[in-house]
Every structure is written in structure tokens, then in C-alpha cells.
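K.L.:
Sending over a structure as C-alpha cells; questions will come in a sec.
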């Protein structure tokens, strides 16, 4: 089911980029998706822990915060970039296609990766759409099930790479969350078994 979700998101973003985006809109939409991913991974745990400490959401707080922060950051950065573009840049249809299609594919990978991460954060893990481990079988850590297009791995790897850069202050995402995808899915499985 995860592969179907990834392919559907890729096709929709490619169609949107081909039909609606100019060259500059393609670039700004891609950068908006990257910026939204950075903001989401940086702050969703803090927002979720804040809600959980106040007794709101409990199992749903993390997935809710992840989804809301990604959508809000993507929409806000996309809107600001649209306001800053005063006049369209047109270099012809060939250049538009040469830029729109790769930007559309990358944006689709980023959006579908964030969607798969959000599905993995669901407390109903393994029941709905996507599971890296079979909830009915014993967990084998060395053999997780991954979709053929592992966009969630791409997104977490991208954020790990960005967070280990010069502005990381020694707190890289990959150090704090080793094997992030398996970590949160196993936590959800443990919580579901316990309750």
C-alpha cells in the first residue's frame, strides 16, 4: 500500500508542476517542501510533548503535530514565495519542462516521505496503510519491510544530513535518533501492545 501512496503522490505533484508551475514556482515549491520538512522534524516532538504533558491528544499528539506543522510550514513558505515573485520569468516551454519535472519529482518524493513518516506515527500502526514491521509476527530488527521507493528513508536521511551541518551545535538528528524510522514504529507497536 505504501508504494501505491508514493506513486500517487508523485503523479499528482508531477501533474501539478507540469500544468500549473512556472520555472520560478517550481524552484520555490521545492524549497518550500524542503523548508517545511526541516521545520517539521525540528519542532514536532516539542509540540507533541507539550500537548501530551497537558493531557491533550496522548497517542495522537505526535502525528497531529507532525501533520499540522508540515502543512502550515509548506503553505506559509509557498505563500510568501508567491508574494515575493513580482514578475514571471519565461524562458520557453523546453526550459520550463526541464526544470518543472525534476523539481516535481523531488517535491513528490519529499511530500510522500513526510506522508509515510506521518502514517508511521499513527497509533494504529500496522492496521492502516503502512508498516515497517508485521504487527502480528515477531519483530526482526534486521529485516524491516520497506516500500520499493523508500521516500521516508530519503526524507529522514535528508534531515539527518542537514542537521549534522555547521549549524547543528553538536546535536545531529542521526545521533539523537539512530535508525529513526524503526525507532518510532517499534515505540508505537510497544504502546499498542501495552494498552
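The values are calculated or read from the model by the stated rules, or taken from the named source; none is laboratory data. These numbers come from a predicted model, not from an experiment. All Cβ positions, even for glycine, are placed from backbone atoms using ideal geometry, and neighbour counts span all protein chains on display.
K.L.:
Being surrounded by fewer than 19 Cβ atoms within 10 Å (Cβ to Cβ) and within 25 Å of residue 92 (Cα to Cα) is the filter here; which residues of segment 29-64 pass it?
P.N.:
Across segment 29-64, the qualifying residue is only 31.
K.L.:
For the list (1) part of a helix (DSSP H, G or I); (2) farther than 26 Å from residue 106 by Cβ, I need the number of the one condition that residue 28 fails.
P.N.:
With respect to (1) part of a helix (DSSP H, G or I); (2) farther than 26 Å from residue 106 by Cβ, residue 28 is out only on (2).
K.L.:
Could you tell me how many of the residues in segment 78-133 are touching a helix residue (DSSP H, G or I) at 6+ places or on another chain (Cβ under 6 Å), farther than 13 Å from residue 63 by Cβ and modelled with pLDDT of 80 or more?
P.N.:
14
K.L.:
Same structure, new question: Given 19, 76, which one is under 16 Å from residue 101 (Cα atoms), assigned to a helix (DSSP H, G or I) and without any contact (Cβ under 8 Å) to a residue 12 or more places away in the chain?
P.N.:
19
K.L.:
Looking at segment 51-63, I want the residues that are touching a residue at least 24 places away in the same chain (Cβ under 8 Å) and have a partner that is assigned to a loop (DSSP other than H, G, I, E, B) with Cβ atoms under 6 Å, at least 6 apart or on another chain. Which pairs are those?
P.N.:
Every condition considered, the pairs that remain are 59/123; 63/122.
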